[in-house]
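Notes to accompany the following structure.
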Amino acid sequence: MTEAWGPDDDEPRRHHGPVRVRVPAKINLHLGVGALRPDGFHELTTVYHAISLFDELTARPGDTLALTMEGEGAGTLALDESNLIIRAARALAQRTRMPAHARLHLRKTIPLAAGLAGGSADAAATLIACDLLWGTGLTRDELAEVGADLGSDIPFLLHGGTALGTGHGEAISPILARPTTWHWVLALADGGLATPQVYAKLDALRESPFPPKAVAGADDLMTALRQRDPSVLGAALGNDLQPAALALCPELAGVLEAGERAGAVAGLVSGSGPTCVFLATDAAHAERLAAALNAAGVCREAVTARGPMPGARVT
């Protein structure tokens, strides 16, 4: 009999067949970027929020480690040792002294280089799937330790929900609030932005004669989440990387303006961009807002999403 993790289990049980894991994208409701550290990372304070845009990874027994994919980025995304999926599988195998043998297949919906942590999401799904496939028995916190060495967002995407991230984003603390569903519209761009390039641009802007104003701390944002009022949450959203993303991709200013004209409660660039995220009052408002953005032609596609969502889960 094939067994799986329950939604909140930390004790894995062995799978004897294919393992399929669904993992959400993330947005940053707050992203405060500190100084560049000696290890090459910036000190961050961020509020992560998992949303209903998903990738799906399937792991099957194999004699080697192989990756195939379909969907967003097919034919563009490298499937070799540079891919975070392959790196995550090898890191788990090394940690647990298991042979890195699996046939992995990715069904991708989260766009590449979009500020939505698609690569980190896929790595999180890989850690869950291979842990179960190989019966290595690590807890989610132990998997997060493996993932933190590969990408700052991976620990959050293993847990999901809404959480405070510190350090370089890898230290996760859940934010406790009464259950509330928030409704979002994502304006997806045609191209992508490389995260290191956006951070480098922010560093350069901060050395310029007119540096961008830093966002306030995360306390207001966390208080707003507990008030369950979209207008209060919208006023507290902030992203230190937004000026850098706008400098590298000036057309994003037009996307944000279009969302404002269409009646969004608030809008901001997601993470390092170029996806722009807009807060809606409810599901119907989100649908109208997405239709208006699609009609305006300011993005490749505007889609609705809701959050928070659980992290990587077996389906």
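Charges were assigned to the Cβ only: +1 to each Lys and Arg, -1 to each Asp and Glu. The resulting dipole of the chain about its Cα centre is roughly 400 debye.
Under a model in which nothing but the beta-carbon of Lys, Arg (+1) and Asp, Glu (-1) is charged, segment 19-175 shows a dipole of about 300 debye around its Cα centre. Size estimate for segment 18-136 follows the Kirkwood approach: the inverse of mean 1/r over distinct Cα pairs works out to 15.1 Å. This ranking places 210, 54 by how few other beta-carbon atoms lie within 10 Å of each, fewest first, which gives 210, 54. Under the rule a/c < 1.5 gives rounded, and otherwise a/b versus b/c splits prolate from oblate, where does segment 147-206 land using the Cα gyration tensor? Oblate shape, in that a/c is at least 1.5 and b/c is the bigger or equal ratio. Return the tail of the calculated pair distribution for segment 187-270, meaning the percent of Cα-Cα pairs more than 22 Å apart. In whole percent, the share of Cα-Cα pairs in segment 187-270 beyond 22 Å is 36.
Computed from point charges on the beta carbon alone (+1 for Lys and Arg, -1 for Asp and Glu), the dipole magnitude for segment 259-315 about its Cα centre is near 120 Debye.
Among 30, 168, the order by Cβ neighbours within 10 angstrom, fewest to most, reads 168, 30. Max-minus-min Cα coordinates of the chain on each principal axis give 54, 45, 39 Å, with the largest extent listed first.
For segment 44-198, the share of DSSP beta bridges that are antiparallel, to the nearest 5, is 65%. Using R₀ = 30 Å, calculate the FRET efficiency as 1/(1 + (r/R₀)^6) where r is the Cβ-Cβ separation of residue 260 and residue 223; round to 0.05. Once rounded, the FRET efficiency stands at 0.80. When Rg and Dmax are taken over the Cα atoms of segment 170-315, they come to 15.8, 52 Å. Cβ crowding within 10 Å, taken as a proxy for footprinting-reagent exposure, orders 215, 185 from fewest neighbours to most as 215, 185.
Every number here is computed from the coordinates shown, using simple stated rules; none is lab data. Since this is a predicted model, take the numbers as computed values, not measurements. With ideal geometry, Cβ positions are generated from the backbone for all residues, glycine too; neighbour counts draw on all protein chains shown.
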